[in-house]
Amino acid sequence: MSQRGYTPLDTPVCPVRHDRRRTDTDKQFVEPKKQETNMGYISIQINKAKGSADTGASDHIERKTMPKNADPTRTHLNRELVEFPDGVADRTEAISHRIHTAGIRRKITPDQVRAIRIVLSGSHEDMVRVQDEGRLGEWCDDNLQWLHHTFGRENTVSAVLHMDEHTPHIHATVVPIVTGERRKAKKKQADSKRTYRKKANAVRLCADDLLTRERLVAYHDSYAAAMAKYGLQRGIRGSEARHTTTAQYLT
């Protein structure tokens with residue numbers, strides 16, 4: 001026992017004498033430095049497919065045509081992550097099969113978007129790290145889970161892992177099957193009581209319903225949350241940074 005009953009851990013606090021000669025600068029609060037994070041960034045690009053069959057994209061994804069930036073010696077590492085239904089041979093047939101078996105009663109016009117293309121990846125250094133750590137299979141599984149949860153398992157008709165380009169990435173294909181009234185119909189109904197009310201559970205093909213600004217923001221948020229375990233985060237919301245095109249990113 002030390003003097004005055006203090007143990008070594010009971011160190012008394014000495015009173016601080018205030019010096020009236022301190023300047024205003026001495027009184028300023030110094031904010032502690034924030035710890036820097038080494039997290040990379042997710043890469044998610046969503047676009048409407050072109051044409052009724054989107055054969056150009058299918059040829060690229062399935063390597064029926066070989067892009068200049070692809071390494072032919074690594075093409076055998078590419079793989080389809082979604083099992084096609086019986087009788088379906090490729091991505092083009094998978095899109096058509098989903099549309100014809102979804103229960104759509106309304107006539108589909110030639111200009112309607114039949115598929116949505118989604119490219120999923122991350123910062124190059126981080127994707128290489130995930131591969132080196134032997135976690136690429138786990139990463140693919142988590143991407144599939146995100147696609148199924150976000151767009152529906154049946155609507156996710158294809159997801160191809162590309163390993164023969166600069167950065168590992170997934171080309172996913174979603175058929176935009178939705179249920180309920182069209183957004184425009186809901187607005188008309190709100191503006192006029194005489195508008196005919198359609199069935200609320202009608203099955204429709206409508207990419208616009210899935211690509212609203214609010215949903216696109218939500219896709220980035222939820223995808224970043226799913227990829228956080230791999231050290232990938234979302235870009236700054238509202239940033240004016242220019243995004244690279246898919247071709248620029250993968251080369």
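The values are calculated or read from the model by the stated rules, or taken from the named source; none is laboratory data. Because the structure is predicted, anything quoted here is derived from the model rather than measured. Using ideal geometry, Cβ is built from the backbone for each residue, glycine included, and neighbour counts are taken over all protein chains shown.
Annotations
- For Ile95, the test of being β-branched (Val, Ile, Thr), in contact with a helix residue (DSSP H, G or I) (Cβ under 9 Å, 6 or more places away or on another chain) and surrounded by 13 or more Cβ atoms within 10 Å (Cβ to Cβ) is passed.
- Pairs meeting the criteria (first residue in region 143-157 and under 17 Å from Ala207 (Cα atoms), second residue of a type in the set (D, E, K, R), beta carbons under 7 Å, at least 6 apart or on different chains) are Glu154/Arg98; Asn155/Arg98; Val157/Arg98.
- The criterion of being surrounded by 15 or more Cβ atoms within 10 Å (Cβ to Cβ), farther than 29 Å from Ala228 by Cα, in contact with a helix residue (DSSP H, G or I) (Cβ under 9 Å, 6 or more places away or on another chain) and among the polar types (S, T, N, Q) holds for Ser58.
- Elements of type helices (runs of 4 or more DSSP H) contained in region 194-251, each with 1 or more residues being surrounded by fewer than 15 Cβ atoms within 10 Å (Cβ to Cβ) and modelled with pLDDT of 55 or more: 207-210, 213-227
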